[in-house]
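Reading through the structure tokens given below for one structure.
The values are calculated or read from the model by the stated rules, or taken from the named source; none is laboratory data. Not measured: the values here are computed from a predicted model. Cβ atoms come from the backbone with ideal geometry, glycine included; neighbour counts cover every protein chain shown. Please note that ligands, DNA and RNA were not included when accessible areas were found on the heavy atoms of the full protein model with its side chains. Shrake-Rupley method; radii C 1.70, N 1.55, O 1.52, S 1.80 Å.
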Amino acid sequence: MNKPSADEIAAAAGRTIPDVVGPHLRVLFSGINPSLYSAATGHHFARPGNRFWPALHGAGFTDRLLHPSEQHLLPSLGLGITNVVARATARADELSPVELIAGGKLLTHVVRVTEPTHVAILGVTAYRTAFGRPKARLGPQPDQIGGTPVWVLPNPSGLNAHFQLPALITEFLRLREATS
């Protein structure tokens, strides 16, 4: 995967990335929305500094560290990727509450169609807004999305300074152990 230029990254604003899905998913991971870098490359969690792929591997979901360009391998491992909001932005805080709520409704539809065993939302603040759960915390949720159990994980973006990689791996591992 070639590194996109600054102009290519800037031009990616508002673009979308196709979901990575397949039959019999154990976990459908839902990011908040794609970064401009991800939209420029066409790969989820592609921005340098994003810890999704290292956390996925560190928690044992994959037997090796995958590169974002290898996202197509995930469905064969029972894993998929989507987003609450499809529109790429520089930062997740550029999304309005209305957009997150609408995205939550679309995510519910994706979950109903793909029928994963679990859905994992990567960002507690986005989950709270999109699904009207202002007191939600990390971990398993008492509610379901589209009839599917929900787990909330920390946002793996490098912009999330509250969680460093070891803590992210711990949270991803809790999910893996609960879904194995």
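Below, the figures for the structure above:
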quantity	calculated
Qualifying positions in segment 46-95 - hydrophobic (A, V, I, L, M, F, W, C), within 20 Å of Leu159 (Cβ to Cβ) and open to solvent by 30 Å² or more (accessible area, probe 1.4 Å)	Ala86, Ala90, Ala92
Residue match in segment 134-143 (condition: within 16 Å of the chain's Cα centre (by Cα), open to solvent by less than 30 Å² (accessible area, probe 1.4 Å) and among the aliphatic types (A, V, I, L, M))	no
The one condition in (1) assigned to a loop (DSSP other than H, G, I, E, B); (2) open to solvent by less than 40 Å² (accessible area, probe 1.4 Å); (3) at pLDDT 95 or above that Leu28 fails to fulfil	(1)
Filter result (of a type in the set (D, E, K, R) and part of a helix (DSSP H, G or I)) within segment 73-94	Asp93, Glu94
Checklist (1) touching a helix residue (DSSP H, G or I) at 6+ places or on another chain (Cβ under 9 Å); (2) loosely packed, with under 15 Cβ neighbours inside 10 Å applied to Val113, failing item	(1)
First in segment 1-28 and more than 20 Å from Ser69 (Cα to Cα), second anywhere and open to solvent by 40 Å² or more (accessible area, probe 1.4 Å), Cβ under 6 Å, 6 or more apart	Gly14/Arg87; Arg26/Thr117
Yes/no for Glu115 being out of contact with any strand residue (DSSP E or B) (no Cβ under 6 Å at 6 or more places or on another chain), over 17 Å from Ala55 (Cβ atoms) and in contact (Cβ under 8 Å) with a residue 60 or more places away in the chain	yes
Boolean, Ser38 is among the small types (Gly, Ala, Ser), touching a residue at least 24 places away in the same chain (Cβ under 8 Å), surrounded by 15 or more Cβ atoms within 10 Å (Cβ to Cβ) and under 29 Å from Gly147 (Cα atoms)	no
Filter result for the condition that a residue is modelled with pLDDT under 95, assigned to a helix (DSSP H, G or I) and in contact with a helix residue (DSSP H, G or I) (Cβ under 8 Å, 6 or more places away or on another chain), over Ala40, Ala10, Ala55	Ala10
